[in-house]
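The structure appears below as structure tokens.
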Amino acid sequence: MSSRLPNNVKTWVIVSITGAALITAGAASAAGFRPTRAPAPAGGGAVAAPARGGKAAVPAGGGAVAAPPGGGAVAAPAGGGKVRPVPAPAPAPGVAAAAPAAIGGGAGAVNALMVPTVPLTAVGGANENPTAPGAVTAAVGSLRVTANRGLAATITNMDPARFPIGCVASFTMNGTISGFPIVSAVAPATGTSVGAHSTPGAPGTNHVTLDIVCGAHQTHWIGTI
């Protein structure tokens, strides 16, 4: 003999089950349930941020975090540390200093650069490159003719360790030989410097040679203006 539940009991069971399901769904929504984010790599590699500007977790090993393409912020480490920026690459070592420009002296001035009498050599050679380490502009002999100061020959940005203050440089200007001591360079130049003046001849006829010998170091230059 089979027994059946009364209709009013069946209705009560269905309503109870449906209500429990709705309560469970509402609780999950109120708690802000979201999918679990993948953990950052333990080895410290870079973590790409979400494409739509979300936040990226900082790796546990301290690696760099790539900036989000969509402009989102990068989350700071949970322990309160700072996000370390990726440093810019250092300049390549051994980059030569730029050659100076044959300019300056004001209105009416005529400028020219001297050239080595023989190709420049390394330290200890017959015609050393005299440029000071770290100088932005190379040490190159320069010539200038102005109405007020006449013919001038100078060289600056020299290495003070090889061409120190007090060492005498020899200038031959239009056949006249004279010696002048090396002095400290004037900013923005660096290292040491030396210069001389003379009465100029006609344009294009002023011949100058510059010879500097300081112990085992030497450099030689020649020019016409």
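The values are calculated or read from the model by the stated rules, or taken from the named source; none is laboratory data. In this text, all values refer to a predicted model and were calculated from it rather than measured experimentally. So basically every Cβ, Gly included, is an ideal-geometry build from the backbone, and we count neighbours across all protein chains shown.
Structure above, values below:
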item: Residue pairs meeting the criteria (Cβ under 6 Å; at least 6 apart or on separate chains; first more than 14 Å from THR131 (Cα to Cα), in region 178-199; second at pLDDT below 95 and of a type in the set (Gly, Ala, Ser)); result: HIS197/GLY150; THR199/GLY150
item: Near pairs, Cβ below 8 angstrom, 6+ apart or cross-chain, from region 106-135 (over 21 Å from VAL213 (Cα atoms) and touching a residue at least 12 places away in the same chain (Cβ under 8 Å)) to any residue that is surrounded by 15 or more Cβ atoms within 10 Å (Cβ to Cβ) and of a type in the set (Lys, Arg); result: ALA109/ARG144; VAL110/ARG144; ASN111/ARG144; ALA112/ARG144
item: Scan of region 128-162 for residues that are assigned to a strand (DSSP E or B) and among the aliphatic types (A, V, I, L, M), ordered by number; result: LEU143, VAL145, LEU151, ALA152, ALA153, ILE155, MET158
item: One residue from THR219, THR154 being surrounded by fewer than 22 Cβ atoms within 10 Å (Cβ to Cβ), closer than 21 Å to ALA112 by Cα and among the hydroxyl-bearing types (Ser, Thr, Tyr); result: THR154
item: Inter-residue pairs, beta-carbon under 6 Å, first under 14 Å from SER142 (Cβ atoms) and modelled with pLDDT of 95 or more and in region 206-217, second among the β-branched types (Val, Ile, Thr) and in a loop (DSSP other than H, G, I, E, B), 6+ apart; result: ASN206/ILE225
item: Which listed residue is out of contact with any helix residue (DSSP H, G or I) (no Cβ under 9 Å at 6 or more places or on another chain), surrounded by fewer than 19 Cβ atoms within 10 Å (Cβ to Cβ) and in a strand (DSSP E or B), from SER178, SER193; result: SER178
item: Single residue of region 143-162 satisfying the filter (small (Gly, Ala, Ser) and modelled with pLDDT under 95) that is nearest to HIS220 (Cα to Cα); result: GLY150
item: Members of region 172-199 that are under 22 Å from VAL118 (Cβ atoms) and among the small types (Gly, Ala, Ser); result: GLY175, GLY179, ALA196
item: Candidate set from region 196-216 (those that are surrounded by 19 or more Cβ atoms within 10 Å (Cβ to Cβ) and among the β-branched types (Val, Ile, Thr)); member that is nearest to PRO164 (Cα to Cα); result: ILE212
item: Candidates ALA169, ALA202, filtered to the one that is farther than 15 Å from LEU113 by Cα and assigned to a loop (DSSP other than H, G, I, E, B); result: ALA202
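Quick grid of which residues meet (1) in a loop (DSSP other than H, G, I, E, B); (2) modelled with pLDDT of 75 or more; (3) not aliphatic (A, V, I, L, M):
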position	(1), (2), (3)
PRO87	yes, no, yes
ALA92	yes, no, no
PRO100	yes, no, yes
GLY105	yes, no, yes
ALA112	no, yes, no
VAL118	yes, yes, no
ALA126	yes, yes, no
